[in-house]
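Following: one structure in structure tokens, then a few remarks.
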Amino acid sequence: MTISARPNWTLALGLPLLVMTACTMLVFTPLFLHHEQRLSAAIVLDLTVTAPLLYFLAIRKTSISNVTTIRIFLLGVLLAGLLLGKQTPFLHFIKTWISPLVECWIIYIIARKFYQARKQNKGETDFLTQARDTAARITGSQHLGNILGSEWATLYYALAPTPALPAGAFSYARSTGAAPVTSAFLICMVAEGIGLHFLIARWSPLTAWILTGLSAYTMLQLFAHIRAMKARPIRVEEGRIFLRNGLVADVAIDLSNIEEITLTTRTSSKEKALKLALFGALESHAVRIKLRQPVTVTRLFGIRRQADVLLFAVDKPADLMAAIDVPPAQNAPQPPSL
């Protein structure tokens with residue numbers, strides 16, 4: 001069977017969208033008012049079966065995962081509920097029996113993809129890396145996979161126990177100074193969030209709870225980031241250095257791509273250096289690496305940035321230098337400070 005690298009998105013998305021548009025227009029016609037019960041069942045069938053089927057036929061011989069058909073099905077269920085309002089027997093059957101089966105299938109697919117990723121990357125123990133790879137396999141999009149994998153990792157690092165520092169790894173949580181800054185942010189968010197909730201609740205309780213939920217999730221992300229800083233150390237292995245900073249930055253660099261490496265806490269206004277940190281200038285760094293060729297740094301939510309000069313923190317910079325076989329005497333001079 002011939003596999004096309006990319007699908008025809010005009011057909012893959014256009015045909016389901018055409019079905020959804022036609023169903024939406026039909027609901028607002030006099031014909032629907034006279035045959036509401038019969039047409040309601042037809043609309044539900046088109047939105048939950050016909051639209052996903054058209055999408056599946058358009059992407060089945062491409063590199064896009066067939067599992068992405070679930071997104072069209074869920075969108076169809078949501079649209080059917082919005083258009084029809086009340087529960088039709090067919091829609092009630094789908095929500096009661098089909099949707100739970102689909103949810104169980106999604107959980108099974110995610111678990112199987114994680115298992116396959118662990119088998120293919122036996123040496124990779126980093127959960128965030130595996131989560132991004134697994135989510136990309138499921139969604140068929142690397143960008144969407146990075147976002148979804150980051151969300152999974154937030155829950156994982158917030159709840160999972162922090163492992164001990166592996167042999168040959170280098171911690172950086174203490175030297176960044178991120179923990180005190182994050183703690184201050186969390187205290188302020190709790191103190192202000194409570195008062196803001198009651199103030200907004202006097203105007204709109206729903207808005208108050210939405211904002212409180214977003215604030216709580218932001219605090220969960222900050223908490224997970226602090227724990228991830230301890231669970232995701234810097235590693236040097238197989239001719240590469242893996243630089244990380246919690247959930248907000250990670251990059252793999254070939255040692256042969258390093259032009260110079262310097263122990264410094266200074267920054268220079270003459271070069272565009274990328275600091276691997278969440279709070280930028282509020283966090284400290286101890287090492288500066290200049291590269292021969294730019295590398296791609298993956299930031300929070302999978303956002304990617306190119307950089308050829310990196311600044312990062314490490315608790316024992318001298319030990320890191322020894323691990324990558326760069327004698328301190330050969331370090332480049334420190335760049336001038338601002």
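The values are calculated or read from the model by the stated rules, or taken from the named source; none is laboratory data. From a predicted model like this one, the values you see are computed outputs, not experimental measurements. Glycine also receives a Cβ, built like all others from the backbone with ideal geometry; neighbour counts cover every protein chain displayed.
Let me confirm something: among L278, L311, L247, which residue is under 20 Å from the mean Cα position of the chain (by Cα), surrounded by 16 or more Cβ atoms within 10 Å (Cβ to Cβ) and modelled with pLDDT of 90 or more? Spell out how you get there, then give the answer.
Numbers: L278 fails: modelled with pLDDT of 90 or more; L311 fails: under 20 Å from the mean Cα position of the chain (by Cα).
Only one candidate qualifies: L247.
Given the structure, is L53 without any contact (Cβ under 8 Å) to a residue 40 or more places away in the chain and either part of a helix (DSSP H, G or I) or not charged (D, E, K, R) (or both)? Working first, answer last.
On the way: without any contact (Cβ under 8 Å) to a residue 40 or more places away in the chain: yes; either part of a helix (DSSP H, G or I) or not charged (D, E, K, R) (or both): yes.
Yes: the conditions hold for L53.
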- Query: For L26, are the conditions met, namely being within 22 Å of K95 (Cβ to Cβ), assigned by TED's automatic domain parsing to the domain that holds L84, part of a helix (DSSP H, G or I) and at pLDDT 90 or above?
  - Reply: yes
With the first residue restricted to the stretch 275-303 and required to be without any contact (Cβ under 8 Å) to a residue 24 or more places away in the chain, and the second required to be surrounded by fewer than 16 Cβ atoms within 10 Å (Cβ to Cβ) and not basic (K, R), Cβ contacts under 8 Å at 6 or more apart or on different chains are P294/Q306
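Is it fair to say K95 is at pLDDT below 90, over 28 Å from R132 (Cβ atoms), touching a helix residue (DSSP H, G or I) at 6+ places or on another chain (Cβ under 8 Å) and surrounded by fewer than 17 Cβ atoms within 10 Å (Cβ to Cβ)? Give the derivation first.
Numbers: at pLDDT below 90: yes; over 28 Å from R132 (Cβ atoms): yes; touching a helix residue (DSSP H, G or I) at 6+ places or on another chain (Cβ under 8 Å): yes; surrounded by fewer than 17 Cβ atoms within 10 Å (Cβ to Cβ): yes.
Considered against the rule, which asks whether it is at pLDDT below 90, over 28 Å from R132 (Cβ atoms), touching a helix residue (DSSP H, G or I) at 6+ places or on another chain (Cβ under 8 Å) and surrounded by fewer than 17 Cβ atoms within 10 Å (Cβ to Cβ), K95 comes out as yes.
When the residues of the stretch 286-300 are narrowed to those that are in contact with a Phe, Trp or Tyr (Cβ under 8 Å, 6 or more places away or on another chain) and farther than 29 Å from G145 by Cβ, which ends up surrounded by the fewest Cβ atoms within 10 Å (Cβ to Cβ)?
Taking the stretch 286-300 and keeping what is in contact with a Phe, Trp or Tyr (Cβ under 8 Å, 6 or more places away or on another chain), we get 286-287, 289.
Add one more test, that the residue is farther than 29 Å from G145 by Cβ, and what stays is 286-287.
Numbers: A286: 20, V287: 23.
So the residue we want is A286.
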Selection from the stretch 172-215 of residues buried (at least 16 other Cβ atoms within 10 Å of the Cβ), closer than 27 Å to A286 by Cα and among the hydroxyl-bearing types (S, T, Y) yields Y172, S175, T176, T182
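Yes/no per residue for (1) among the small types (G, A, S); (2) at pLDDT below 90; (3) assigned by TED's automatic domain parsing to the domain that holds L13; (4) more than 25 Å from the chain's Cα centre (by Cα):
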{"residue": "L45", "(1), (2), (3), (4)": "no, no, yes, yes"}
{"residue": "V49", "(1), (2), (3), (4)": "no, no, yes, yes"}
{"residue": "V67", "(1), (2), (3), (4)": "no, yes, yes, no"}
{"residue": "F73", "(1), (2), (3), (4)": "no, no, yes, no"}
{"residue": "A80", "(1), (2), (3), (4)": "yes, no, yes, yes"}
{"residue": "G85", "(1), (2), (3), (4)": "yes, yes, yes, yes"}
{"residue": "I106", "(1), (2), (3), (4)": "no, yes, yes, no"}
{"residue": "I109", "(1), (2), (3), (4)": "no, yes, yes, no"}
H34 meets each of (1) more than 29 Å from the chain's Cα centre (by Cα); (2) at pLDDT 90 or above with one exception, condition (2)
Flagged pairs (Cβ under 7 angstrom, 6 or more apart or on separate chains; first in the stretch 150-179, in contact (Cβ under 8 Å) with a residue 12 or more places away in the chain and closer than 20 Å to K316 by Cα; second among the hydroxyl-bearing types (S, T, Y) and surrounded by 13 or more Cβ atoms within 10 Å (Cβ to Cβ)) are L165/S171; S175/S284; T176/S284; G177/S284
*Out of all the residues in the stretch 216-233, is one or more surrounded by fewer than 17 Cβ atoms within 10 Å (Cβ to Cβ), assigned to a helix (DSSP H, G or I) and charged (D, E, K, R)?*
no
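Consider A167 carefully, then state whether it is at pLDDT 85 or above, more than 17 Å from S65 (Cα to Cα) and not aromatic (F, W, Y).
Values: at pLDDT 85 or above: no; more than 17 Å from S65 (Cα to Cα): yes; not aromatic (F, W, Y): yes.
Against the criterion (at pLDDT 85 or above, more than 17 Å from S65 (Cα to Cα) and not aromatic (F, W, Y)), A167 does not qualify.
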